[in-house]
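What follows draws every value from the coordinates through simple rules; no lab data is involved. What you see is a predicted model; the values in this text were computed from it and never measured. With ideal geometry, Cβ positions are generated from the backbone for all residues, glycine too; neighbour counts draw on all protein chains shown.
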Amino acid sequence: MNVPLVRSDVESNARPGRPRVAILGGGFGGVYAAMRLEQLRRRRDEFDITLVNSENYFVFQPMLPEVISGSIGILDTVSPLRRLLPRTQLLIREIESIDLKNRSVMLSQGFRPRPYVLKYDHLVLALGTVTDFRTMPGLHEHALPFKNLADAVQLRNHLIHVLEEAAIETDTELKRQLLTFVIAGGGFSGVEVAAELNDFVRRVAREIPGIDRSEIHVVLLHSGAMILDRELTKKLSAYANKILQRRGVEIRLHSRLRTATPDSAVLESGERIMTKTLISTVPSLPNPIIESLPLPKEKGKVRTSEYLSVVDTDGIWAIGDCALVINPSGEGFAPPTAQHAIRQANIAANNIVATLRSHKKESYGFEGLGKMGSLGYRSAVAELFGGIKLSGLFAWILWRSIYWWKLPGLDRKLKVGLAWALDLLIPPELVQLKLASSQGISQSHFEPGEPVFRQGDLGDSLYIILNGEADVVREENGTERILARLRGGQFFGEMALMNQKTRNATVRCATAMDVLVLRKGDFRALVSNLPDFRASFENVVKARTEHAPLSEKSREI
Ligand SMILES: Cc1cc2nc3c(=O)[nH]c(=O)nc-3n(C[C@H](O)[C@H](O)[C@H](O)COP(=O)(O)OP(=O)(O)OC[C@H]3O[C@@H](n4cnc5c(N)ncnc54)[C@H](O)[C@@H]3O)c2cc1C
């Protein structure tokens, strides 16, 4: 087999001489910016538009909690990016890093572990925030986040699983634990999740003979004096408290989650709530890519001018939840909501085009139309145009109408409309989708002459040889040099993982070979948590760096 050993960097398809606009993130900010740029572009060759997102779909997050109760289908809240953005180049990859000096973005590997370098003239940062449990012990392992479609599907499956288990559980303590659901965070997303979850478990419990609805215990934890106290007026937030309590949700005020274990949620007061279901919508932290950038920031968000360009930079724009945009009044900052992200996207796109055409830029002047939150079954709260306050059924109809109208694409509008109509007639769906996990150690097979990875590839995995042999080959100035022959029981691939660099040699099979593959995330988890494991790999890296060509001894596991 004749395979080139070294890969060259691959660039986007932007042609020289044509301005390139790269948008990072395919949420409200990124998608609406690309849509607006598509509208504004006079000719196809005026400028290139590229959008990078980790998924190939856009998630309409305000409707995500409804996926839990099944009042809309799993795919109804998402729209394929290709259909929304027909004239934008889409790169469905993870963003690994941004090099502001060289105006380039490094993307993760695809099927082949080669780096993808995207060059830009204008960069739009629209990467949102992340629900990150690093700051709270036990949450990463035992709490469920609620931010994207995968989280909603995972939660729904988990709920059905615990209900099925509770139906046959004879140990009363464990049954109580299975039927206790704890949600941390009394802002909009926490409240909406609690409301939908409560509706769902109580509705489906009717169909499960082994569960009495009085055994269900839904607890909402909030650090403030009243839920939604930062989002709404006192009266509306009191209404939200009352409705949820009437529906059986226990609201714990002035309560903060401290940690989580496989069996409990532990509060700062020391109280332990025994549960198998803990959902946390907090803490919402800056996206790590944004954190890594040497840009002016406050509260982890990128500071922008009134034109939405990043302060003290040229050709960098920031919008949505990752941006700190000062209110037009000069007081306070735009809140992290979809309505602001959409308006900021439009203004940033207008200003990019104005810059390219040497026109005057416009300032961001949107103050917000109001706030709305669903409380589950036929009730909601809303505060509109700075003074109009609504609650109950009318607010709920308004909430559904506004968000339905805002759903992008006629197909989604029809699907959601139909799902809501059917939800009035038929009971919620109870199917649990068991999806295989892509995590953990996997096994791969290679044939003679095939490369496992090539010089210049991104480091994505560590390989342990089960049987067969491979050569470590380095190419320099067009000449190949075999550094070592590897055999069963030896490992390779750790250099690029430890140093976070690209591969410095190719590993090519000499015979048919079977390997165990440990992915980067799992390798890093072991390296960060097992000092002995880390030390032994650091020694190997040192030995291999100092003593190339590599000794056989240093390749023993
Ligand atoms: C459950 C929930 C309910 C909500 N309800 C409402 C509501 O009712 N009303 C309202 O106005 N707002 C609501 N919001 C808030 C609203 O959704 C956000 O303000 C809005 O999504 C912000 O848009 P954004 O583009 O800044 O970020 P996001 O929409 O979060 O988009 C960021 C995108 O960047 C991508 N990304 C991040 N890192 C990488 C990477 N390294 N590589 C590749 N891609 C990456 C993500 O996949 C994502 O697609 C809700 C949010 C949630 C979570």
Subject >> segment 81-147: trypsin sites (Lys or Arg not before Pro) in DSSP loop, at most 11 other beta carbons within 10 Å >> reply: Lys101, Arg134
Original post:
Taking R0 as 25 Å, what's the FRET efficiency between Arg246 and Glu165 from their Cβ-Cβ distance, rounded to 0.05?
Top reply: 0.35
**OP:** Any chance you could run the full-extension gain for Glu429 through Glu268? It's 0.36 nm times the residue separation minus the Cα-Cα distance, nm to one decimal.
**Re:** 54.3 nm
Original post:
So how far apart, in nm, are the two label points at Lys413 and Glu450 if each is 7 Å from Cα heading toward Cβ?
Top reply: 4.9 nm
**OP:** Identify the GluC sites (Glu not before Pro) of segment 122-223 meeting these criteria: DSSP loop state and at most 16 other C-beta atoms within 10 Å of the C-beta.
**Re:** Glu207
Original post:
What is the order of Leu139, Leu414, fewest Cβ neighbours within 10 Å to most?
Top reply: Leu414, Leu139
**OP:** Could you list the residues of segment 222-248 with an amide nitrogen less than 20 Å from a label point located 7 Å from the Cα of Ser329 in the Cα-to-C-beta direction?
**Re:** 229-237
Original post:
Counting only residues 5 or more places away or on other chains, whose amide H sits under 5 Å from the amide H of Leu144 once H atoms are built in the peptide plane?
Top reply: Leu278, Ile279, Ser280
Subject >> Amide H contacts of Leu324 (H built 1.01 Å from N, under 5 Å, at least 5 apart or other chain) >> reply: Val302, Arg303, Thr304
**OP:** Compute the length gained on full extension between Arg112 and Val311: take 0.36 nm times their separation in residues and subtract their Cα-Cα distance, giving the result in nm to one decimal.
**Re:** 67.9 nm
Subject >> Label point distance in nm, Ile441-Glu538, each placed 7 Å from Cα along Cα→Cβ >> reply: 2.4 nm
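Summing Lys, Arg as +1 and Asp, Glu as -1, what charge do residues with Cβ under 13 Å from the Cβ of Thr233 carry, Thr233 excluded?
Residues near Thr233 contribute +2 overall.
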Original post:
In degrees from 0 to 90, rounded to the nearest 10, what is the angle of the helix 149-168 Cα long axis to the longest principal axis of the chain?
Top reply: 70 degrees
Subject >> Residue-count net charge about Lys389 - beta-carbon cut-off 13 Å; Lys, Arg +1, Asp, Glu -1 >> reply: +1
Original post:
Lys/Arg Cβ at +1, Asp/Glu Cβ at -1, dipole of the chain taken about the Cα centre: which of Leu458, Tyr239, Leu267 is farthest positive-ward?
Top reply: Tyr239
Subject >> Estimated FRET transfer efficiency when R0 is 51 angstrom, pair Ala225-Arg524 (beta carbons, to 0.05) >> reply: 0.80
Subject >> Estimated inter-spin distance, Ala150 and Leu75, nm [label 7 Å along Cα→Cβ] >> reply: 1.9 nm
**OP:** Enumerate the calculated ³J(HN,Hα) couplings along segment 533-540 in order (Karplus 6.51 cos²θ - 1.76 cosθ + 1.60, θ = phi - 60°), each rounded to whole Hz, writing x wherever the residue is Gly or Pro.
**Re:** 4, 4, 4, 5, 6, 4, 5, 5
Subject >> 15 Å Cα-Cα reach of Lys242 towards aspartates and glutamates, excluding residues that sit fewer than 8 places from it in its own chain >> reply: Glu192, Asp229, Glu250
Original post:
Quick one: helix 393-406 against the long Cα principal axis of the chain, what's the angle to the nearest 10°, folded into 0 to 90?
Top reply: 30 degrees
Subject >> J(HN,Hα) series, segment 267-278, from Karplus relation 6.51 cos²θ - 1.76 cosθ + 1.60, nearest Hz, glycine and proline x >> reply: 8, 5, 5, x, 5, 10, 9, 6, 7, 10, 9, 10
**OP:** Using the structure shown, list the pairs from Lys101/Lys299; Lys147/Lys276; Lys371/Lys406 with a Cα-Cα distance above 22 Å, or answer none.
**Re:** Lys101/Lys299
Original post:
Longest exposed-loop-site-free stretch of the chain, with chymotrypsin sites (Phe, Trp or Tyr not before Pro), DSSP loop and at most 11 other Cβ within 10 Å?
Top reply: 112-384
Original post:
Mind listing the phi-derived Karplus ³J(HN,Hα) values for segment 172-179, rounded to whole Hz, using 6.51, -1.76 and 1.60 with θ = phi - 60°, and x for any glycine or proline?
Top reply: 5, 4, 5, 5, 4, 5, 5, 9
**OP:** Sum up the charges of everything whose Cβ sits under 12 Å from the Cβ of Glu192, counting Lys and Arg as +1 and Asp and Glu as -1, but leave Glu192 out.
**Re:** -4
Original post:
For segment 279-368, with the dipole built from +1 on Lys and Arg beta-carbon atoms and -1 on Asp and Glu ones, taken about the Cα centre, which of Gly332, Asn351, Ser363 lies farthest toward the positive end?
Top reply: Asn351
**OP:** Find the relative contact order for the chain and round it to a whole percent, using C-alpha pairs within less than 8 Å whose residues are 6+ positions apart.
**Re:** 14 percent
